[in-house]
Amino acid sequence: TVQTNVIIPNDFSANIIKHFPINERILIENSGHTTFYLMDQFENLTPLGENRLRNSVEIEGKMIFPYENQKYGRELFQYNIETKEVSLFKDTMHEQGSKPINAVATADKSLLFTAFDQYYNNQFYKIKKKGDQPEVVKISNSTYTDVPEGELFRVGNSYYITPNSYSSQIVKSNGTEAGTKKMTLPQNTQVTADSKFGNLNDEALIITSYYNAGDGSKIRVFKNDINSETLELLKGIPG
């Protein structure tokens, strides 16, 4: 145990939210989830004022994240660690996509995110370089191109959407069209915000979901290997 002088003002129990190894920073929030800080390797705290970096992707000296302001609406912004300024990273509204929800880095260092557009609702998009136009990453095994709204969960090089509300589908992408798949759950089985997603050794996704059998609710446990587009039922648990 090493003594430290780090003090989170007006709080008794801070939470570590995320580690940024490239920039040697840690994102911290107070126990009330109202105040946020970046802590550097020398234990210096920089107040952020709001939770703008929870879903961010880092590059050297900057964090890229979905954010909304009055001038641009919801777009991809960047936070400069040295100047502490927030500025527009990419205005997708006037190109193919708008209203980004997530932002993650893929194996080829592209920026993968989900966003709503005016034609196909929620979609996967990819940017390889800042000056590039966002590229739609289509679902390769389905004619229904929209994906559920939710957060991204990583297993290996694939990112699965964990839906914010009821969905009968599991969708994943690795940033390529061939690796972007949609899987349909069995009848009466849905994933919700209460469903749990787990990473099995970076080889498979484990999902617990609710199943309405008509005579009471049950829990089903599924597995999806990262190179497969099918869901395997592992176990049914009585409710």
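The values are calculated or read from the model by the stated rules, or taken from the named source; none is laboratory data. No experiment lies behind these values; they were computed from the predicted model shown. Here the Cβ is made from the backbone with ideal geometry for all residues, glycine too, and neighbour counts use every protein chain on show. The area values use the complete protein model at the heavy-atom level, side chains included, leaving out ligands, DNA and RNA. Shrake-Rupley method; radii C 1.70, N 1.55, O 1.52, S 1.80 Å.
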>> Suppose the Debye formula is applied to equal point scatterers at every Cα of the range 100-191; what is log10 I(q)/I(0) at q = 0.12, 0.15, 0.16 Å⁻¹?
In response: -0.33, -0.52, -0.59
>> When a/c reaches 1.5 or more, the comparison of a/b and b/c decides; with that in mind, is the chain rounded, prolate or oblate per its Cα gyration tensor?
In response: oblate
> How far apart, in nm, are two points set 7 Å out from the Cα along the Cα-to-Cβ line at Ala193 and at Ala105?
Replying inline: 3.0 nm
>> 7 Å from Cα along Cα→Cβ at both Glu50 and His33: what's the point-to-point distance in nm?
In response: 1.7 nm
>> With a 1.4 Å probe and all protein chains left in place, how much of the accessible area of the chain comes from carbon and sulfur atoms, in whole percent?
In response: 46 percent
>> Can you compute 3J(HN,Hα) from phi for each residue in the range 224-232, using the Karplus curve 6.51 cos²θ - 1.76 cosθ + 1.60 with θ = phi - 60°, rounded to whole Hz and x for Gly and Pro?
In response: 10, 5, 4, 9, 10, 10, 10, 9, 9
> Can you work out ³J(HN,Hα) from phi for every residue in the range 171-180, in order, using Karplus 6.51 cos²θ - 1.76 cosθ + 1.60 and θ = phi - 60°, giving whole Hz and x for Gly and Pro?
Replying inline: 10, 9, 8, 10, x, 10, 5, 5, x, 9
> Heavy-atom accessible area per residue, the chain, 1.4 Å probe: how many Å²?
Replying inline: 56 Å²
